[in-house]
Amino acid sequence: MKRPQKILVLDDDENDYLLMDYLLRQTYGAGISINWAGTSATASKLVKDDNYDVCLVDYYLNDGTNGLEWAQAMISSLGPECPPLIMLTGIESCETIDLNASESGIADFISKPELTAKQLEHSIRYAIQTRHMLREHLRCEMRFHLFFDHAYEGILLLDQNGKVLQANRSAENMFCYENGTMQGLYIHQLINEFSLEYFLLNNQIAGQETPSVMERMVGKDQRGGVLDLEMAINMAKAGDEIFYSISLIDIKHHLAQQEELAKLAHTDPLTGLMNRRHFRLLADQEFSRAARTQHQLFMMMLDIDHFKKVNDTHGHDVGDQALVAVAEVLKNGIRNMDILARWGGEEFLVLLPETSMAGATLIAERIRQQVSQIKLPKIPEGLTISIGLCEAKPGMELKAATSLADQALYQAKTDGRNRVVHHQ
């Protein structure tokens, strides 16, 4: 039987704690265990003695510290074992605090006057999912370094010209080099018969877009000794740059897993879309670019209609299928330059740069129509989606644009759903 979610609330105001308790039980019912700490000292002891799924932390405390300082201390002390921390405050103007919290490793920041049970549920779910992915990422990174730094086999990492960027200790021992002295060498100095050009040509002829091959070759160590080597050779692209890994064993699956987990750190695990945190990063950059170039920028917020009824009627697995299906329509319905994310629950957010109101409306209407055509065997009644659309005026920040799109979405719901509404 799955244990209840364990949540700690650190707040020196008992009334605020009782509000958190009420909102949490609205969503989770009996499936939650809530503890209250009125001081940072009490909270520190509880966190160290128990395994909490998430901590809700008030920014302002009356015991000589503030919630952010306490959170920073806990993250520093517990590292990846620290439960995800969500910062709360009663003030409405909190951009500076929000920035400091994000830079300190806080999972999310919420203003209490804006808080709803739905928002709190989304934030907790996001924080828990993110912690799980980051812990997996860290474990994979530790495993990678264990293999790379302590592998019995020698491993070389090369740039696109065949220059050694990194060599593990086994490779240095194999080629009789001192620690850290192989960087800057070229692969042909170690294995004279190996040619990157020949390797690429053979793989192009074979029609492989991501070359990977095993080779048997002869190399020489620094003292002139002959080395009979069986090598695994792999190529990876990062933008315009190309990198190669060469090893005596094929560790490609470890590197692929590392790359995949790095991707998961900014990807929603269910839909494969960008997550909220990564969207904010890219959207902030796009807002800055729009301010410089004065091009038009539109925000589109989308919400699946009657999604709770889908979950209640058909189950959460079917609800997940609906989310994935809608996400596919969105991915196929936007332009390459558009920025798409799962915002939380059944909500999605799209940033549309360099377009007009007519262009943004065309995209929104096309998506709405395509969602209504989704056929899922277990949802015979079909799916519809409501869309709120707004223009992000020059100088407007992401939070303000999101709020306007949300207002337009609310109006679309009020007007009967399955429609596109522009914020006036």
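Among 171, 275, 9, which residue has its Cα furthest toward the positive end of the charge dipole of the chain, with +1 on Lys/Arg Cβ and -1 on Asp/Glu Cβ? Going by the Cα projections, it comes out as 275. In degrees from 0 to 90, rounded to the nearest 10, what is the angle of the helix 316-333 Cα long axis to the longest principal axis of the chain? Value to nearest ten degrees: 70. Here the Karplus curve 6.51 cos²θ - 1.76 cosθ + 1.60, taken at θ = phi - 60°, turns the phi angles of the stretch 378-392 into couplings of 8, 10, x, 6, x, 10, 9, 9, 9, 10, x, 10, 8, 8, 8 Hz, with x standing for Gly and Pro. Please check the chain for the longest run free of GluC sites (Glu not before Pro) that are loop-located per DSSP (anything but H, G, I, E, B) and have at most 14 other Cβ atoms within 10 Å. With GluC sites (Glu not before Pro) excluded where exposed in loops, the chain gives 210-380 as its longest stretch. Shown here are the Rg and Dmax of the Cα trace of the stretch 43-92, at 10.8, 34 Å. About its Cα centre, the chain has a charge dipole of approximately 960 debye under the convention of +1 per Lys or Arg Cβ and -1 per Asp or Glu Cβ, with nothing else charged. Quote the relative contact order of the chain in percent (integer), defining contacts as alpha-carbon pairs under 8 Å separated by 6+ residues. Result for the chain is 9 percent. Think of each Lys and Arg Cβ as +1 and each Asp and Glu Cβ as -1; about the Cα centre, that makes the dipole of the stretch 5-146 roughly 700 debye. Name the shape class, rounded, prolate or oblate, that the alpha-carbon gyration tensor gives for the stretch 266-422, where a ≥ b ≥ c are the square roots of its eigenvalues, rounded holds for a/c under 1.5, and otherwise prolate holds if a/b is larger than b/c and oblate otherwise. Here the stretch 266-422 falls in the prolate category. For the stretch 266-422, the residue among 363, 314, 385 whose Cα projects farthest onto the positive side of the dipole built from Cβ charges is 363.
Each Lys and Arg contributes +1 and each Asp and Glu -1, all at the Cβ; summed about the Cα centre of the stretch 328-393, the dipole is approximately 160 debye. Expressed in Å, the radius of gyration and Dmax of the Cα atoms of the chain are 26.3, 81.
Laboratory data are not the source of any read-out in this text; all were calculated from the coordinates shown. Source: prediction; values computed, not measured. Ideal geometry is used to build each Cβ from the backbone, glycine not excepted, and the neighbour counts take in all protein chains shown.
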